[in-house]
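The values are calculated or read from the model by the stated rules, or taken from the named source; none is laboratory data. Computed from a prediction, not measured in an experiment: that's the story for all the values here. Reconstructed Cβ throughout: ideal geometry from the backbone, glycine too, with neighbour counts over all protein chains shown. Surface accessibility is based on the protein's heavy atoms, side chains included, excluding ligands, DNA and RNA. Shrake-Rupley method; radii C 1.70, N 1.55, O 1.52, S 1.80 Å.
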Amino acid sequence: MVASLAPLCLILLSLSQRTTATTLNETCTNIVGFVPYGFCMITLRSNPHSMHANTTTLAFISLNLAIINATTTKAKIDTLLNNVREPELKNGLQACNIIYGNAITDLRSSSDFLLSTKFETAKALASAASTAGNECGDALRPAKMASVPRRKLLRKENGDFGLLTLLFLGIINNLL
């Protein structure tokens, strides 16, 4: 009896692997309205579990990447705050610190709701957090900060965060 089940197990295993292998490709194809296909593939492939992940797992992977990015950006802001003397720049960085702190809280809460399959609430929290990069950029643009390096301060981090949150929002839309 066991020997007769072996071919069936092999067929089911191959179907399962084909389904999970195509899930990443299909997911990235489905969310091109949120982020470019190449960004989606490269970003999700940075986690080895993505190759065998279903859509829910891909949502967790993308959300985790956004949380890591926000946490790293906040740590960079903390370091910059310790070294800045100019009041306009300090005010902008303090605002960014608060903005990213709130975004991290929202994304962690989003993860809890994703775990409990409350996808609408997870999406709403991530959507609220997704504006952090733009808000931080706005906080760093006062007229008195005229030098080019300051205007570019945190530009990459803010942009990356925006893309990572959009990646998650695109994936979670597939779960709704």
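Observations, loosely collected:
- Residues that are in a helix (DSSP H, G or I), charged (D, E, K, R) and at pLDDT below 90 were ranked within the stretch 139-161; the one that is surrounded by the most Cβ atoms within 10 Å (Cβ to Cβ) is ARG150.
- Some residue of the stretch 86-93 being touching a Pro at 6+ places or on another chain (Cβ under 8 Å) and open to solvent by less than 20 Å² (accessible area, probe 1.4 Å): yes
- ILE171 vs. criteria touching a Leu at 6+ places or on another chain (Cβ under 6 Å), surrounded by 15 or more Cβ atoms within 10 Å (Cβ to Cβ), at pLDDT 90 or above and β-branched (Val, Ile, Thr): yes
- For the stretch 81-131, filtering for residues that are outside any helix (DSSP H, G or I) and touching a helix residue (DSSP H, G or I) at 6+ places or on another chain (Cβ under 9 Å) leaves 7.
- The sole residue among ALA70, ALA124 that is open to solvent by less than 30 Å² (accessible area, probe 1.4 Å) and either without any contact (Cβ under 8 Å) to a residue 40 or more places away in the chain or within 16 Å of the chain's Cα centre (by Cα) (or both) is ALA70.
- Candidates are the residues of the stretch 55-113 that are of a type in the set (Phe, Trp, Tyr) and in contact with a Leu (Cβ under 8 Å, 6 or more places away or on another chain); the one that is nearest to GLY133 (Cα to Cα) is PHE60.
- Looking across the stretch 105-119, the residues that are closer than 17 Å to ILE61 by Cβ and not polar (S, T, N, Q) come down to LEU107, ARG108, ASP112, PHE113, LEU114, LEU115, PHE119.
- Lone unmet requirement of (1) at pLDDT 95 or above; (2) open to solvent by less than 70 Å² (accessible area, probe 1.4 Å); (3) under 22 Å from LEU167 (Cα atoms) for ASP78: (3)
- Of all residues making up the stretch 27-66, the number that are aliphatic (A, V, I, L, M) and open to solvent by 10 Å² or more (accessible area, probe 1.4 Å): 6
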